[in-house]
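Bear in mind these aren't lab numbers, they're just calculated from the coordinates by the rules spelled out. The model shown is predicted, which means the values in this text are computed figures rather than measured ones. Here the Cβ positions follow ideal geometry from the backbone for every residue, glycine too, while neighbour counts run over all protein chains shown.
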Amino acid sequence: MEHPRAVRWSIAAGLFVEFVGFLYDTLWHDQHLSEVAIPPSKLMTVHSGIYLGELLVLGIALATLALRTRRAHPQAVLWAVVAGGLVQIAGSGFDMWSHAHAYEKPLYHDTIYTGAAVTIIGYLLLEILASRAARQEQVPAPDAVADRRSDEAKQTAER
């Protein structure tokens with residue numbers, strides 16, 4: 001099963017941006033503990049890395065599905081990445097809304113993390129499928145090996 005390396009690397013880059021966004025978000029929230037409503041503009045600044053990473057991963061997966069640049073896409077895996085991205089974006093939207101109204105609901109954070117887990121699992125499956133495809137390309141087909149052996153036997157017999 002083929003999959004363009006650029007797509008996998010782009011999804012990995014989006015996941016990395018998101019990871020850095022999660023780190024920044026964690027550090028910021030550790031330093032700014034309060035039950036005061038946080039305006040959406042401030043949340044956009046604090047969560048921008050998370051949002052950017054989510055959008056990158058989702059956009060790349062959707063574009064890959066839409067363009068179908070190769071005929072052997074692992075579409076089910078890409079749909080899993082899309083589903084994970086949509087769950088994350090929904091959780092982020094609800095999280096922003098709850099922060100803007102001065103409360104925090106763990107379900108919204110859990111939704112973000114669940115979507116991230118699905119997206120990461122989808123990415124890892126893409127890598128596994130690409131690795132298997134690369135190994136299959138390196139191993140000659142049994143018919144090709146048999147043909148090569150019979151050709152070698154004929155050449156030996158002719159000598």
Problem set entry | Extension gain, S131 back to L27 (0.36 nm per residue minus Cα-Cα distance, nm) | 33.8 nm
Problem set entry | chymotrypsin sites (Phe, Trp or Tyr not before Pro) restricted to the range 45-108 and DSSP loop, no more than 10 other C-beta within 10 Å | Y103
Exercise. If we count every other residue with Cβ under 13 angstrom of I11's Cβ, Lys/Arg +1 and Asp/Glu -1, where does the sum land?
Worked result: -1
